[in-house]
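Enquirer: Below is a structure I'd like to ask you about.
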Amino acid sequence: MVASKARTGLKQYMKNKPTRWGYKLFVLAESKSGYTWDFFVYEGKMQGSSGKGLSYESVMDLVDTRLLGTGYKLFVDNFYTSPALFRDLLQMRIWACGTIRPHVIGFPKTKLNTLDSKSLRGSMRWIRKDSLLFVQWRDTRDVYMCSSLHTAHAGDTVCRRVKGADGQWAVKEICVPPAVKDYNRCMGGVDLSDALIGYYTVLHKTQRWYKTFFYHFMDIAIVNAYLLHKAIALVKGETPMNQKAFRETLVEELAEAGSPSTPVPPPAPRRRSHLPVYISGHSTEGRLRCKHCQMKTPTKCRTCDVPLCFVLKRNCYTDWHDQNNL
């Protein structure tokens with residue numbers, strides 16, 4: 001969400017988001033670094049060709065295999081997760097994992113071996129349907145997962161504080177499905193990108209809605225450049241700059257690149273005004289010989305104080321000034 005209260009049709013209200021009013025962006029980001037790979041602005045109800053809803057259409061628009069390639073692992077939250085989406089992604093050789101809502105279409109409805117209120121923390125139940133694995137895991141509450149890349153159980157454990165029968169709290173290791181463990185480790189690339197943008201954002205209040213997008217897109221570009229700088233520095237064995245130092249260096253280099261390489265010559269001095277005036281107040285008196293044609297003339301240059309003809313058939317005034325570059 002890009003914060004804005006502009007009166008435009010693109011503005012959305014999301015009551016469960018920290019930023020309730022603003023523009024909604026669908027973002028695909030790398031999970032480890034937060035590098036933003038692709039995004040698009042939500043403009044309202046999407047009319048996709050599949051007819052499978054906004055969550056399906058948004059994921060399919062972002063995972064363009066012609067640019068991204070195949071073989072990636074995609075982690076999504078329960079807004080996007082659906083069996084239909086995961087099966088279609090698997091056909092594109094993109095594996096997926098995410099939390100799922102148990103009432104979504106395609107989720108197994110069987111009650112066999114379901115967890116009840118007496119199930120202990122760390123209990124799990126899984127069902128494999130075709131190429132998809134559905135997991136129910138008991139933590140402080142039930143967690144439902146769907147995955148096309150995990151096994152049901154791998155012996156992994158996590159530490160939790162559990163209250164014993166004597167009323168004392170103790171740290172205990174409980175079993176955790178691989179899908180839950182990898183989801184907690186890999187989910188959050190978009191949140192990491194938002195956090196990096198929020199540290200030194202250029203976004204500020206404006207009365208132009210399109211400027212809000214411009215500022216946010218600039219933030220995305222700067223953060224992506226900073227992440228590339230970190231990756232290149234680590235490969236070279238160098239110590240990368242922090243984001244503040246990177247932004248300061250970027251501003252200095254852009255300012256230097258924008259300045260002209262050659263000094264600008266100073267402006268030419270303003271030429272004085274050369275206007276023709278009469279030699280005396282009467283046109284028939286006070287005539288002098290023209291400096292150019294030696295004919296008598298009643299006019300002269302006010303600045304040069306030189307008599308020059310300025311009549312219809314003889315324009316010595318212009319000719320003499322052109323010859324002398326005046």
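The values are calculated or read from the model by the stated rules, or taken from the named source; none is laboratory data. All values derive from a computational prediction rather than experimental measurement. In this analysis, Cβ positions are derived from the backbone assuming ideal geometry, glycine residues included, and neighbour counts consider all displayed protein chains. For the accessible areas, the whole protein counts, side chains as well, though only heavy atoms, and no ligand, DNA or RNA atoms are used. Shrake-Rupley method; radii C 1.70, N 1.55, O 1.52, S 1.80 Å.
Enquirer: What does DSSP give for segment 1-113 in terms of the percent of beta bridges that are antiparallel, rounded to the nearest 5?
Expert: Working: 10 of 14 bridges.
Taking every DSSP beta bridge within segment 1-113, about 70 percent pair in antiparallel fashion.
Enquirer: Would you calculate, for the chain, the mean residue ellipticity at 222 nm contributed by helices, counting each DSSP H stretch of 4 or more residues as -39,500 (n - 2.57) and dividing by all residues, to the nearest 500?
Expert: On the way: 8 runs with 93 residues, N = 326.
Counting only the DSSP helices, I get -9000 deg cm²/dmol.
Enquirer: Another question, then. Place a point 7 Å from Cα of Glu285 in the direction of its Cβ. Which residues in segment 297-321 have their backbone N less than 19 Å from it?
Expert: 297-300
Enquirer: Explain nothing, just compute: Karplus ³J(HN,Hα) = 6.51 cos²θ - 1.76 cosθ + 1.60, θ = phi - 60°, for every residue of segment 103-119 in order, whole Hz, x for Gly and Pro.
Expert: Along segment 103-119, the couplings run 8, 5, 5, x, 6, x, 9, 5, 9, 5, 6, 5, 6, 10, 5, 8, 5 Hz.
Enquirer: Amide H neighbours of Val176 under 5 Å, at least 5 residues apart or on other chains, H built in the peptide plane: list them.
Expert: Asp156, Thr157, Val158
Enquirer: Tell me, Kirkwood radius of segment 91-137 from alpha-carbon pair distances, in Å?
Expert: Numbers: mean 1/r = 0.0804 Å⁻¹.
Computed over segment 91-137, the radius equals 12.4 Å.
Enquirer: Here is a follow-up. Filter Lys73/Lys111; Lys15/Lys45; Lys32/Lys181 down to the pairs with a C-alpha to C-alpha distance above 23 Å, please.
Expert: Numbers: Lys73/Lys111 30 Å; Lys15/Lys45 18 Å; Lys32/Lys181 15 Å.
Pairs exceeding 23 Å: Lys73/Lys111.
Enquirer: Determine, from the Cβ-Cβ distance of Lys172 and Thr140 and an R0 of 22 Å, the FRET efficiency 1/(1 + (r/R0)^6), rounded to the nearest 0.05. Could the numbers behind the result be given before it?
Expert: On the way: r = 13 Å, r/R0 = 0.61.
After rounding, the FRET efficiency stands at 0.95.
Enquirer: Out of every Cα-Cα pair in the chain, what percent are more than 25 Å apart?
Expert: On the way: 36723 of 52975 pairs.
Beyond 25 Å sits 69 percent of the P(r) for the chain.
Enquirer: Using a simple spin-label model with points 7 Å from Cα along the Cα→Cβ vector, what separation in nm is obtained for Lys111 and Leu54?
Expert: About 3.4 nm separates the two model spin labels.
Enquirer: Going Cα to Cα from Lys313, which aspartates and glutamates come in below 20 Å? Please leave out same-chain ones fewer than 8 positions away.
Expert: Cα-Cα hits under 20 Å: Asp322.
Enquirer: Round to a whole angstrom and tell me the spacing of the C-alpha centers of segment 1-51 and segment 305-319.
Expert: The two parts, judged by their Cα centres, are 74 Å apart.
Enquirer: For segment 177-326, just list the percent of Cα-Cα distances falling in each 5 Å bin from zero outward, please.
Expert: Percent of Cα pairs in each bin: 2, 7, 10, 10, 8, 6, 5, 4, 3, 3, 3, 5, 6, 7, 6, 5, 4, 2, 2, 1, 1, 1, 0, 0.
Enquirer: Per-residue accessible area for Phe40 at 1.4 Å probe radius, Å² rounded to 10?
Expert: Solvent-accessible area, nearest 10 Å²: 40 Å².
Enquirer: What would the Debye formula give as log10 I(q)/I(0) at q = 0.19, 0.21, 0.26 Å⁻¹ for the alpha-carbon point model of segment 194-259, no solvent?
Expert: Normalising to I(0) and taking log10 leaves -0.82, -0.94, -1.16.
Enquirer: Please report the carbon-and-sulfur percent of the accessible area for segment 22-175; probe 1.4 Å, protein heavy atoms only, DNA, RNA and ligands left out. Don't skip to the end; give the middle numbers.
Expert: On the way: 4620 of 8970 Å².
Reported share for carbon and sulfur atoms: 52 percent.
Enquirer: Distance between Cα centroids, segment 82-103 to segment 115-165: provide it in whole Å.
Expert: Their Cα centres are 18 Å away from one another.
Enquirer: Further, regarding this structure: State, to one decimal in nm², a quarter of the convex hull surface area for the C-alpha atoms of segment 70-117, i.e. the direction-averaged projected area. Write down the numbers at each step before the final one.
Expert: Values: hull surface 16.6 nm².
Answer in nm², one decimal: 4.2.
Enquirer: To one decimal place, what orientation-averaged projected area in nm² is obtained for the convex hull of the Cα set of segment 96-199?
Expert: Working: hull surface 36.0 nm².
Taking the Cα atoms of segment 96-199, their convex hull projects to 9.0 nm² on average.
Enquirer: Strictly greater than 20 Å: what percent of every Cα pair in segment 1-158 meets that? Mind showing how you got there, number by number?
Expert: Values: 7269 of 12403 pairs.
The proportion of pairs with Cα distances above 20 Å equals 59 percent.
Enquirer: Something else: Rg (Å, one decimal) plus Dmax (Å, integer) for the alpha carbons of segment 3-70?
Expert: Answer for segment 3-70, Rg first and Dmax second: 13.8, 41 Å.
Enquirer: Follow-up. Using 7 Å Cα-to-Cβ label points, what is the His103/Lys118 separation (nm, one decimal)?
Expert: Reported label-point gap for His103 and Lys118 is 2.8 nm.
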